[in-house]
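Just below is one structure, and these are the notes that go with it.
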Amino acid sequence: MQIDVTRDVFKLAQVFTISRGSRTEAKVLTVRITEGGVTGWGECVPYARYGETLESVTEEISGLPDRITRAALYDLLPAGAARNAVDCALWDLEAKQTGKRVWQLAGLPQPGPEISAYTLSLDSPEKMQVQAAQNAHRPLLKIKLGTPDDMPRLEAVRQGAPDATIIIDANEGWTAEVYADLAPHLLRLGVALVEQPLPAGKDAALIGMERPVPVCADESCHDRASLAGLKGKYDVVNIKLDKTGGLTEALALREAALAQGYQVMVGCMVGSSLAMAPATLVAQGALVTDLDGPLLLAEDRDNALTFDAAGVHPPGPELWG
């Protein structure tokens, strides 16, 4: 078994800004695992918010033994980007070796398309209204907010896209006071969900606060071990494979979260169709699917995922799984 790690860069269609900064390209790591002349692959996006870099994640993967299984991988690497790319590559490898699709190997029903959110970058209210108008035909828009002055932005997006469902991602950018001030206006403006309004380390303030729309844990929820700390704060958990450490834990987290009464959102970092492909399996029947990474790119992988009026479609075997 041979494990190779390469760096790939995908230019974005436009500057992408959240409360923590801006970017013009997506830098990803591609893992290829070859055994018996067959190669499976996966992709991850190291995330500085969690102390990850391209170098540190590459080092984690390079330190793995010559032969690994998905079960052994769980004990060899922590939840995070490195384990994600390797886990997804192992799933793809098994699918190619057996001639079965990953959804069959995982005992899942055959997947179909899911409507995906499309993310509007954080900008001035005027520019966000233009973004919203350009994408008003999309059924679900996600707004990147996270400043003390977000009300004009929210109003502007609603004016630009009067019929779209809106979800908000504050990326830990609000204080409890800012969120409490905005909360009463969310229903009026047709907001369906608020993602991570407070910093993960300060989200205890959500206990006892009114939640006029569902509140989703993103940075506060990585894997099943996170669930115990979410009680009384959140209604929904955002499952991202780069946080869970791969498809294996993502499916387990979905099952555990649903069993504990949470609803599920499936999200992504900004990456290519290869990164989104495994997540489409987790997204089946989710309250919210947010797998728009490829739509934000100026270029993508060959055999990229299909996005149309029905949503984001599961991958063909030429891409993954």
Report summary line: Once both label points are put 7 Å beyond Cα along the C-beta direction, the Ile115-His137 separation in nm becomes 1.6
Query - Estimated FRET transfer efficiency (Arg23, Met151; beta-carbon r; R0 30 Å; 0.05) - result: 0.70
Requested in this report: Using the Karplus curve 6.51 cos²θ - 1.76 cosθ + 1.60 with θ = phi - 60°, work out ³J(HN,Hα) for each residue of region 143-148 in order, rounded to whole Hz, and write x for Gly and Pro.
Outcome: 10, 7, 10, x, 10, x
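Summing +1 for each Lys or Arg and -1 for each Asp or Glu, what net charge is found among the other residues whose Cβ lies under 11 Å from the Cβ of Ala136?
Net charge in that neighbourhood comes out at +1.
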Report task. Take the Cβ-Cβ distance between Ser62 and Glu35 as r, set R0 to 25 Å, and report the resulting FRET efficiency rounded to the nearest 0.05. Result -> 0.90
Query raised in the report: Roughly how many percent of the accessible protein surface of region 95-182 is carbon and sulfur, given a 1.4 Å probe and a whole-percent answer?
Result: 50
Query - Simple label model, 7 Å out from Cα along Cβ direction - Ala204 to Ala192, nm - result: 3.4
Report summary line: So for region 97-252, using the alpha carbon gyration tensor with a ≥ b ≥ c as root eigenvalues (a/c under 1.5 gives rounded; past that, a/b versus b/c decides prolate or oblate), I'd call it oblate
Query raised in the report: Let a ≥ b ≥ c be the square roots of the eigenvalues of the Cα gyration tensor of the chain; is it rounded (a/c under 1.5), or, if not, prolate (a/b larger than b/c) or oblate?
Result: prolate
Requested in this report: Keeping all protein chains in place, calculate the accessible area per residue for the chain (probe 1.4 angstrom), answer in Å².
Outcome: 41
Query raised in the report: Summing Lys, Arg as +1 and Asp, Glu as -1, what charge do residues with Cβ under 11 Å from the Cβ of Val282 carry, Val282 excluded?
Result: -1
Query raised in the report: Based on the alpha-carbon gyration tensor of region 24-130 and its eigenvalue square roots a ≥ b ≥ c, which shape applies: rounded if a/c is under 1.5, prolate if not and a/b is larger than b/c, or oblate?
Result: oblate
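The values are calculated or read from the model by the stated rules, or taken from the named source; none is laboratory data. For clarity, every value in this text was computed on a predicted model and none was experimentally measured. All Cβ positions, glycine included, derive from the backbone under ideal geometry; neighbour counts span all protein chains shown. These area figures cover heavy atoms from the full protein model, side chains too; ligands, DNA and RNA do not enter into them. Shrake-Rupley method; radii C 1.70, N 1.55, O 1.52, S 1.80 Å.
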